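S.K.: My questions will all concern the structure given below.
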Amino acid sequence: MTQGTPLHFVTLLGSLRKASFNGIVARTLPDLAPEGITIAPLGCISAFPHYNQDVQDAGFPEPVLAMAEQIRAADGVIVVTPEYNYSVPGVLKNALDWLSRVTPQPFAGKPLAIQTASPGAIGGARAQYHLRQSLVFLNAYVLNRPEVMIGQATGKFDTDRLELTDQKTRDFLVTQITALAELARTVKKPPQG
């Protein structure tokens, strides 16, 4: 993929566990990036304190400001998250709550893709739908299709080697990255007129 200027995407990981399927997906994405696209991880959201207006009033924590700046500088964001109790993990929601309060808001107008992996059959679909509700408020440009919901993930990963081994899943991730690149290039086009 050589059309247009190079693009840089960042990954926001909603899991803290080292051997998480979603962590493995996020760490795999840089290797799957088509030509002309780079993908890098954001910092770990475990460094964010629980959101508290009093803490914000005393000054935004440095990890929040640093991540907001990385998101603003990126051409797009890929959120990779597990599903907890039919929704997103609390640590991811907390990160979004912090980042939503930074000015200028880093997700506004930002192309964004969502990826989930789960041992269950529907691959984290409920988490994606809850996440999309928050992203509407943040005014992100969420990629509608293709949706990446990696179901029955246990057979698609080698958790000892921390690798995504299923080739069809790897290929499908490339398809979504390519679609996100098309969205990002569309969003970046100057207005005609």
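The values are calculated or read from the model by the stated rules, or taken from the named source; none is laboratory data. Here the structure is a predicted model, which means the values were calculated and not measured. Cβ placement follows ideal geometry from the backbone for every residue including glycine, while neighbour counts extend to all protein chains displayed. Just so you know, the surface numbers come from the protein's heavy atoms only, side chains and all, with ligands and any DNA or RNA stripped out. Shrake-Rupley method; radii C 1.70, N 1.55, O 1.52, S 1.80 Å.
S.K.: Tell me which residues come under 5 Å, amide H to amide H, from I78 once H is placed; ignore anything under 5 positions away on its chain.
M.R.: Residues meeting the criterion, in which the H sits 1.01 Å from N, are V10, T11, L12, A113.
S.K.: Among the aspartates and glutamates, which fall within straight-line cross-link reach of K93, defined as a Cα-Cα distance under 16 Å, with same-chain neighbours fewer than 8 residues apart omitted?
M.R.: E83
S.K.: What's log10 of I(q)/I(0) for region 80-141 at q = 0.14 Å⁻¹, Debye sum over Cα points only, no solvent?
M.R.: Log-scaled intensity ratios, in q order: -0.39.
S.K.: Taking 4 °C and 1.567 mPa s as the conditions, I'd like the Stokes-Einstein D for region 6-83 in µm²/s, using the Kirkwood hydrodynamic radius from alpha carbon pairs. Don't skip to the answer; put the middle values down first.
M.R.: Values: Rh = 13.6 Å.
For these conditions, the coefficient is 95 µm²/s.
S.K.: Springs between alpha-carbon pairs under 10 angstrom, Gaussian network model over the chain: which of V25, V88, V136 fluctuates most?
M.R.: V136
S.K.: If you don't mind, another one. When only alpha-carbon atoms are used, what values of Rg and Dmax, in angstrom, describe region 89-193?
M.R.: Considering region 89-193 through its Cα atoms, Rg and Dmax are 15.8, 55 Å.
S.K.: Moving to a separate point now. How large, in percent, is the carbon and sulfur part of the accessible surface of the chain at a probe radius of 1.4 Å?
M.R.: Values: 5070 of 9610 Å².
C and S atoms contribute 53 percent here.
S.K.: Given Cα positions, please report Rg to Rh for the chain, the hydrodynamic radius being the Kirkwood one.
M.R.: Values: Rg = 16.2 Å, Rh = 16.9 Å.
Here the Rg-to-Rh quotient is 0.96.
S.K.: A further question follows. Put a dot 7 Å past each Cα toward the Cβ at D160 and V136; how far apart are the dots in nm?
M.R.: In this crude label model, V136 to D160 measures out at 4.6 nm.
S.K.: 5 Å is the cut-off here: which amide hydrogens, built 1.01 Å from N in the peptide plane, fall below it relative to E163, excluding neighbours closer than 5 in sequence?
M.R.: D158
S.K.: Hey, what did region 1-50 get for relative contact order, percent, Cα under 8 Å, at least 6 apart?
M.R.: Working: 54 pairs, mean separation 24.4, N = 50.
Worked out over region 1-50, it gives 49 percent.
S.K.: Here's another thing I want to ask about it. With both bridge residues required to lie in region 60-193, what share of the DSSP beta bridges run antiparallel, to the nearest 5%?
M.R.: Details: 3 of 13 bridges.
Percent antiparallel among DSSP bridges in region 60-193 is about 25.
S.K.: Which residue fluctuates the most in the chain, going by a Gaussian network model with Cα springs under 10 Å, if the choices are I39, I122, I71?
M.R.: I122
S.K.: Compute the length gained on full extension between H8 and Y86: take 0.36 nm times their separation in residues and subtract their Cα-Cα distance, giving the result in nm to one decimal. All intermediate terms of the calculation are to be shown ahead of the outcome.
M.R.: Details: separation 78, 0.36 × 78 = 28.08 nm, distance 3.09 nm.
Residue separation times 0.36 nm, minus the Cα-Cα distance, leaves 25.0 nm.
S.K.: Distance in nm between label sites at A73 and T186, each 7 Å beyond Cα in the beta-carbon direction?
M.R.: The two pseudo-label positions are separated by 2.8 nm.
S.K.: Identify which of Q53, Q152, Q176 has the largest mean-square fluctuation in a Gaussian network model of the chain, with springs joining Cα atoms closer than 10 Å.
M.R.: Answer for the Gaussian network model of the chain: Q53.
S.K.: Give the cross-link partners of K168 among the lysines, using a straight C-alpha distance below 19 Å as the criterion and excluding same-chain residues fewer than 8 apart.
M.R.: K156
S.K.: Given the -39500 (n - 2.57) contribution per DSSP H run of 4+ residues, what per-residue ellipticity at 222 nm results for the chain, rounded to the nearest 500 deg cm²/dmol?
M.R.: -12000 deg cm²/dmol
S.K.: Right, next: What length, rounded to one decimal in nm, is gained on full extension from R101 through to R170, with 0.36 nm per residue of separation minus their alpha-carbon distance? Walk me through the intermediate numbers first.
M.R.: On the way: separation 69, 0.36 × 69 = 24.84 nm, distance 3.46 nm.
Going from the current span to full extension adds 21.4 nm.
S.K.: Can you give the accessible area per residue of the chain, in Å², using a 1.4 Å probe?
M.R.: Working: 9610 Å² over 193 residues.
In whole numbers, the chain has 50 Å² accessible per residue.
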